[in-house]
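Read-outs: derived from the displayed coordinates by stated rules, not from any lab. Because the structure is predicted, anything quoted here is derived from the model rather than measured. Using ideal geometry, Cβ is built from the backbone for each residue, glycine included, and neighbour counts are taken over all protein chains shown.
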Amino acid sequence: MVRAGLIKELKEYFNTTSIQKTPKHTGLDKAIGVPKLREYFLGCRSLSNSIYEMKANTKGLAKAQTEKIRHIASVWSWLVCVLDATKSMHAHLSGGGHIMEDIAWECDVRSIAIDIVNKFLHS
């Protein structure tokens, strides 16, 4: 996200809002990383420290979500399937082109998801 322009995008956002005010609404101000980067733009925290905290918060959220999913799947005996879009995202981020992205998406996500839904609907 940082390499894709997050800092520039948030700088533009904070230039149009009152960065000094504590946000009282949800939305972008509550998104992961925004509060830490707000501190950076206020001069209260270094950029590297803000990014580190943002990554730590993201990792913690992902862990909590995974634990909740596993708990629900266990309690309700749900089958949980994993779709991994990593190859598609790597193709996109590395500039591999739409063809490489589409091939990875078709093989690793779309076709598997369609099979899962069809099995669910016909069982």
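Count Lys and Arg as plus one, Asp and Glu as minus one, and take only other residues whose Cβ is under 14 Å from that of Ala85; the net charge is then -3. Here's how it looks for Gly33: its modeled amide H is under 5 Å from none belonging to a residue 5 or more places away or on a different chain. Against the chain, whose longest principal axis comes from its Cα atoms, helix 111-121 is set at around 60 degrees. Filter Lys36/Lys63; Lys8/Lys36; Lys11/Lys36 down to the pairs with a C-alpha to C-alpha distance above 18 Å, please. Over 18 Å apart, Cα to Cα: Lys36/Lys63. A cut-off under 9 angstrom between Cβ atoms defines the neighbours of Gly33, and their net charge, with Lys, Arg +1 and Asp, Glu -1, is +1. Compute the signed sum of charges (Lys and Arg +1, Asp and Glu -1) over the other residues within less than 14 Å, Cβ to Cβ, of Ala104. Once all neighbours under 14 Å are counted, the net charge is -3.
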